[in-house]
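The values are calculated or read from the model by the stated rules, or taken from the named source; none is laboratory data. Computed from a prediction, not measured in an experiment: that's the story for all the values here. Neighbour counts run over all protein chains shown; Cβ positions are idealised from the backbone, glycine included.
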Amino acid sequence: MNDLNLEKKVDFSFATLILRNDGIAVLDFKDNQEISLDNAIELNEKFGNLTKGRRVPVLMILGEFTNYSDEAKSYSASYDGTKYSSAEAIIVKNIGLRIVAQMYLVINKPIVPSRFFTKTEEAIVWLKSYL
């Protein structure tokens, strides 16, 4: 991530949350993480503080072998879990993550526009339409 794009940053044990100068938030998950409901709630609270309560587009970069619990997935797709997101682009690095992301979109049906991408540049272009 280019430091010139960095506006604010919050580190978690499982991820890093960055608010870029262009208004897009980046949620970069570390490898080999199990995301619990408590993690998802903590992340959302800090996200709301970072954005000062406004809705922004989110670029989610899944780490290798990152897994959300069923409860965390349900919360993350709900109104409460997306109240600071205007759209979510999920970057998938391999076929396994692509399958997981597709299942999340079909089963959990996030209430904000959500898509998965293999290329960050394409995701950023799509997210900019939700600024």
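Could you please give the count of residues in region 56-72 that are within 27 Å of ASP22 (Cα to Cα) and at pLDDT 95 or above?
Residues meeting the conditions: 6.
Is there a residue in region 86-98 that is touching a residue at least 40 places away in the same chain (Cβ under 8 Å) and either touching a Pro at 6+ places or on another chain (Cβ under 9 Å) or on the phi > 0 side of the Ramachandran plot (or both)? Step through it out loud before you land on a result.
Residues of region 86-98 that are touching a residue at least 40 places away in the same chain (Cβ under 8 Å), as a first pass: 86-87.
This time we only want the ones that are either touching a Pro at 6+ places or on another chain (Cβ under 9 Å) or on the phi > 0 side of the Ramachandran plot (or both), so: 86-87.
Yes, there is a match, as at least one residue in region 86-98 is touching a residue at least 40 places away in the same chain (Cβ under 8 Å) and either touching a Pro at 6+ places or on another chain (Cβ under 9 Å) or on the phi > 0 side of the Ramachandran plot (or both).
Go through (1) of a type outside the set (Asp, Glu); (2) touching a helix residue (DSSP H, G or I) at 6+ places or on another chain (Cβ under 7 Å); (3) farther than 19 Å from LEU127 by Cα one by one and return the number of the condition LEU62 breaks.
Looking at each condition in turn, LEU62 falls short on (3).
For region 41-48, check the following and say yes or no: at least one residue is at pLDDT below 95 and within 15 Å of the chain's Cα centre (by Cα).
So far as region 41-48 goes, no, none of its residues is at pLDDT below 95 and within 15 Å of the chain's Cα centre (by Cα).
Go through (1) over 20 Å from SER69 (Cα atoms); (2) more than 14 Å from the chain's Cα centre (by Cα) and name the single condition ILE99 misses.
For ILE99, the exception is condition (1).
Inside region 2-45, can you point out the residues that are touching a strand residue (DSSP E or B) at 6+ places or on another chain (Cβ under 8 Å), more than 15 Å from ILE90 (Cα to Cα), in contact (Cβ under 8 Å) with a residue 24 or more places away in the chain and surrounded by 13 or more Cβ atoms within 10 Å (Cβ to Cβ)?
LYS8, VAL10, PHE14, LEU19, GLY23, GLN33, ILE35, ALA40, LEU43
Looking at (1) surrounded by 14 or more Cβ atoms within 10 Å (Cβ to Cβ); (2) in a loop (DSSP other than H, G, I, E, B); (3) of a type in the set (Gly, Ala, Ser), find the lone condition where GLY53 falls short.
Answer for GLY53: the failing condition is (1).
Sort through ALA72, ALA89 and tell me the only one that's outside any helix (DSSP H, G or I) and either surrounded by 19 or more Cβ atoms within 10 Å (Cβ to Cβ) or among the basic types (Lys, Arg) (or both).
Numbers: ALA72 fails: outside any helix (DSSP H, G or I).
Only one candidate qualifies: ALA89.
Run down TYR79, TYR84 and say which single residue is among the hydroxyl-bearing types (Ser, Thr, Tyr), more than 14 Å from the chain's Cα centre (by Cα) and modelled with pLDDT of 95 or more.
After applying the criteria, what remains is TYR79.
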